[in-house]
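Chemist: Dropping the structure in here first, questions after.
The values are calculated or read from the model by the stated rules, or taken from the named source; none is laboratory data. Keep in mind that this is a model prediction, so the values were computed, not measured. FYI the Cβ positions are ideal-geometry reconstructions off the backbone, even for glycines, and counts take in every protein chain you see.
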Amino acid sequence: MRERVWLLVALFAVNAAHAEGFGLGHAPDAETLRTADSAIGPRGVELPPGRGSVAEGAQLYAQQCAACHGATGREGPDPVLVGGQGSLASDEPVQTIGSFWPYATTVFDYIRRAMPFTAPGSLRDEQVYALTAFLLAVNGVVPQDTVLDRSSLAAVRMPNRDAFTSDPRPRAP
(Lines give C-alpha, C1' and ligand atoms only; values in the text may rest on other atoms or scores of the structure.)
Protein backbone atom coordinates (compact mmCIF):
# COMPACT_ATOMS: atom_id res chain seq x y z
CA MET A 1 0.00 0.00 0.00
CA ARG A 2 2.75 2.47 0.97
CA GLU A 3 4.54 1.74 -2.30
CA ARG A 4 1.43 2.68 -4.26
CA VAL A 5 0.99 5.89 -2.27
CA TRP A 6 4.61 6.89 -2.91
CA LEU A 7 4.25 6.06 -6.59
CA LEU A 8 1.18 8.26 -6.83
CA VAL A 9 2.93 11.05 -4.95
CA ALA A 10 5.94 10.80 -7.26
CA LEU A 11 3.73 10.87 -10.36
CA PHE A 12 1.87 13.86 -8.94
CA ALA A 13 5.14 15.67 -8.28
CA VAL A 14 6.41 15.03 -11.81
CA ASN A 15 3.15 16.20 -13.34
CA ALA A 16 3.06 19.25 -11.06
CA ALA A 17 6.61 20.16 -12.04
CA HIS A 18 5.68 20.04 -15.73
CA ALA A 19 2.48 22.01 -15.10
CA GLU A 20 4.44 24.79 -13.38
CA GLY A 21 6.29 25.43 -16.64
CA PHE A 22 2.93 26.30 -18.15
CA GLY A 23 1.87 28.47 -15.19
CA LEU A 24 -0.35 25.72 -13.75
CA GLY A 25 -0.23 24.17 -10.29
CA HIS A 26 2.75 23.84 -7.99
CA ALA A 27 4.99 21.13 -6.61
CA PRO A 28 3.66 19.58 -3.37
CA ASP A 29 5.21 20.85 -0.15
CA ALA A 30 6.42 18.63 2.71
CA GLU A 31 3.08 18.88 4.57
CA THR A 32 1.14 17.73 1.50
CA LEU A 33 3.46 14.76 1.09
CA ARG A 34 3.19 13.91 4.82
CA THR A 35 -0.60 14.02 4.65
CA ALA A 36 -0.67 11.82 1.55
CA ASP A 37 1.37 9.20 3.41
CA SER A 38 -0.82 9.04 6.51
CA ALA A 39 -3.46 6.45 5.63
CA ILE A 40 -5.35 4.91 8.51
CA GLY A 41 -6.12 1.25 8.04
CA PRO A 42 -8.89 -0.96 9.41
CA ARG A 43 -7.03 -1.83 12.64
CA GLY A 44 -6.46 1.85 13.43
CA VAL A 45 -2.82 1.54 14.51
CA GLU A 46 -2.08 4.77 12.61
CA LEU A 47 -4.75 6.83 14.41
CA PRO A 48 -3.41 10.08 15.87
CA PRO A 49 -3.79 11.25 19.47
CA GLY A 50 -6.93 13.20 20.28
CA ARG A 51 -10.53 12.70 21.26
CA GLY A 52 -13.98 13.92 20.31
CA SER A 53 -17.53 13.51 21.58
CA VAL A 54 -20.86 13.06 19.84
CA ALA A 55 -22.03 16.42 21.25
CA GLU A 56 -18.97 18.21 19.86
CA GLY A 57 -19.48 16.45 16.54
CA ALA A 58 -23.14 17.52 16.34
CA GLN A 59 -22.16 21.19 16.57
CA LEU A 60 -19.36 20.78 14.06
CA TYR A 61 -21.61 18.84 11.68
CA ALA A 62 -24.14 21.68 11.68
CA GLN A 63 -21.38 24.18 10.86
CA GLN A 64 -19.26 22.20 8.40
CA CYS A 65 -21.34 19.39 6.89
CA ALA A 66 -25.09 20.12 6.86
CA ALA A 67 -24.93 22.39 3.81
CA CYS A 68 -23.91 19.42 1.66
CA HIS A 69 -25.29 16.40 3.51
CA GLY A 70 -28.47 17.90 5.01
CA ALA A 71 -29.40 18.77 8.58
CA THR A 72 -29.79 15.11 9.58
CA GLY A 73 -27.43 13.49 7.06
CA ARG A 74 -30.36 12.06 5.12
CA GLU A 75 -31.26 14.95 2.80
CA GLY A 76 -28.27 15.67 0.60
CA PRO A 77 -27.73 17.16 -1.98
CA ASP A 78 -24.45 15.24 -1.58
CA PRO A 79 -24.30 11.57 -0.53
CA VAL A 80 -26.60 10.45 2.24
CA LEU A 81 -24.67 9.60 5.41
CA VAL A 82 -27.40 8.22 7.68
CA GLY A 83 -29.87 5.34 7.35
CA GLY A 84 -30.00 2.53 4.85
CA GLN A 85 -29.74 -0.29 7.36
CA GLY A 86 -31.18 -3.47 5.88
CA SER A 87 -31.31 -2.04 2.34
CA LEU A 88 -28.14 -3.49 0.84
CA ALA A 89 -29.80 -6.71 -0.34
CA SER A 90 -32.75 -4.79 -1.82
CA ASP A 91 -33.23 -3.53 -5.37
CA GLU A 92 -32.41 -0.01 -4.14
CA PRO A 93 -29.54 -0.26 -1.66
CA VAL A 94 -28.68 2.84 0.37
CA GLN A 95 -24.97 2.88 1.07
CA THR A 96 -24.32 4.97 4.17
CA ILE A 97 -21.83 4.96 7.01
CA GLY A 98 -24.17 2.80 9.09
CA SER A 99 -25.27 0.41 6.37
CA PHE A 100 -22.22 -0.08 4.19
CA TRP A 101 -18.85 0.96 5.66
CA PRO A 102 -16.99 -2.00 7.18
CA TYR A 103 -14.59 -0.09 9.49
CA ALA A 104 -15.04 3.00 11.67
CA THR A 105 -11.35 3.82 11.27
CA THR A 106 -11.80 4.34 7.53
CA VAL A 107 -14.67 6.76 8.22
CA PHE A 108 -12.19 8.78 10.29
CA ASP A 109 -9.58 8.52 7.53
CA TYR A 110 -11.98 9.69 4.82
CA ILE A 111 -13.23 12.67 6.83
CA ARG A 112 -9.67 13.63 7.73
CA ARG A 113 -8.45 13.54 4.13
CA ALA A 114 -11.43 14.71 2.08
CA MET A 115 -13.71 16.88 4.20
CA PRO A 116 -15.00 19.47 4.19
CA PHE A 117 -15.27 19.49 0.43
CA THR A 118 -14.31 23.17 0.23
CA ALA A 119 -11.18 22.71 2.39
CA PRO A 120 -10.11 19.05 2.49
CA GLY A 121 -7.67 18.14 5.25
CA SER A 122 -8.35 21.33 7.20
CA LEU A 123 -10.00 19.72 10.23
CA ARG A 124 -7.97 19.11 13.38
CA ASP A 125 -7.77 15.52 14.61
CA GLU A 126 -10.07 16.33 17.57
CA GLN A 127 -12.68 17.64 15.14
CA VAL A 128 -12.40 14.49 13.02
CA TYR A 129 -12.86 12.30 16.12
CA ALA A 130 -15.93 14.38 17.06
CA LEU A 131 -17.48 14.20 13.58
CA THR A 132 -16.82 10.47 13.41
CA ALA A 133 -18.44 9.99 16.84
CA PHE A 134 -21.48 12.01 15.77
CA LEU A 135 -21.92 10.16 12.47
CA LEU A 136 -21.56 6.77 14.14
CA ALA A 137 -24.09 7.80 16.80
CA VAL A 138 -26.74 9.05 14.36
CA ASN A 139 -26.33 5.76 12.50
CA GLY A 140 -26.96 3.84 15.73
CA VAL A 141 -23.48 2.33 15.82
CA VAL A 142 -22.36 3.94 19.11
CA PRO A 143 -24.33 5.48 22.02
CA GLN A 144 -25.06 9.22 22.13
CA ASP A 145 -22.67 9.76 25.05
CA THR A 146 -19.67 8.28 23.20
CA VAL A 147 -16.26 9.93 23.27
CA LEU A 148 -13.89 8.51 20.68
CA ASP A 149 -10.11 8.35 20.82
CA ARG A 150 -7.58 6.12 19.08
CA SER A 151 -8.34 3.03 21.17
CA SER A 152 -12.14 3.36 21.38
CA LEU A 153 -12.48 4.15 17.66
CA ALA A 154 -10.39 1.13 16.69
CA ALA A 155 -12.68 -1.03 18.87
CA VAL A 156 -15.92 0.04 17.13
CA ARG A 157 -17.49 -2.84 15.24
CA MET A 158 -19.46 -1.69 12.21
CA PRO A 159 -22.77 -3.45 11.34
CA ASN A 160 -21.65 -4.45 7.83
CA ARG A 161 -18.13 -5.52 8.72
CA ASP A 162 -18.67 -9.23 8.08
CA ALA A 163 -20.22 -8.66 4.64
CA PHE A 164 -16.82 -7.87 3.10
CA THR A 165 -14.23 -10.43 2.07
CA SER A 166 -10.49 -9.99 1.91
CA ASP A 167 -8.65 -9.87 -1.38
CA PRO A 168 -6.76 -13.17 -1.75
CA ARG A 169 -4.37 -11.86 -4.42
CA PRO A 170 -0.74 -11.51 -3.39
CA ARG A 171 0.59 -8.00 -2.88
CA ALA A 172 2.85 -6.49 -5.51
CA PRO A 173 6.54 -6.50 -4.56
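Chemist: Working only within the stretch 146-162, note down all residues that are part of a loop (DSSP other than H, G, I, E, B) and either in contact with a Gly (Cβ under 8 Å, 6 or more places away or on another chain) or surrounded by 15 or more Cβ atoms within 10 Å (Cβ to Cβ) (or both).
Modeler: Thr146, Val156, Met158, Pro159, Asn160
Chemist: Given the conditions (1) in the same structural domain as Cys65 (by TED's automatic domain parsing); (2) over 19 Å from Ile40 (Cβ atoms); (3) more than 15 Å from the chain's Cα centre (by Cα), report the number of the one that Ala172 does not fulfil.
Modeler: (1)
Chemist: Among what's in the stretch 95-145 and is assigned to a helix (DSSP H, G or I) and among the polar types (S, T, N, Q), pick the residue that is nearest to His69 (Cα to Cα).
Modeler: Here the answer is Thr132.
Chemist: Okay, next question. Look at Val94 and say whether it is within 13 Å of Leu47 (Cα to Cα), β-branched (Val, Ile, Thr) and touching a Leu at 6+ places or on another chain (Cβ under 9 Å).
Modeler: Criteria not met by Val94.
Chemist: While we're here: Can you pull out the residues in the stretch 91-122 that are over 15 Å from Asn160 (Cα atoms) and in contact (Cβ under 8 Å) with a residue 60 or more places away in the chain?
Modeler: Passing the criteria: Phe108, Asp109, Arg112, Arg113, Gly121.
Chemist: Then there is this: Could you please find all residues in the stretch 50-84 being part of a loop (DSSP other than H, G, I, E, B) and buried (at least 16 other Cβ atoms within 10 Å of the Cβ)?
Modeler: Listed by number, the residues that qualify are Gly50, Cys65, Gly70, Gly73, Val80, Leu81, Val82, Gly83, Gly84.
Chemist: Only one residue in Ala66, Ala39, Ala27, Ala55 is at pLDDT 80 or above, out of contact with any strand residue (DSSP E or B) (no Cβ under 7 Å at 6 or more places or on another chain), more than 30 Å from Val147 (Cα to Cα) and not basic (Lys, Arg). Which one? Working first, answer last.
Modeler: Numbers: Ala66 fails: more than 30 Å from Val147 (Cα to Cα); Ala39 fails: more than 30 Å from Val147 (Cα to Cα); Ala55 fails: more than 30 Å from Val147 (Cα to Cα).
That would be Ala27, the only listed residue that is at pLDDT 80 or above, out of contact with any strand residue (DSSP E or B) (no Cβ under 7 Å at 6 or more places or on another chain), more than 30 Å from Val147 (Cα to Cα) and not basic (Lys, Arg).
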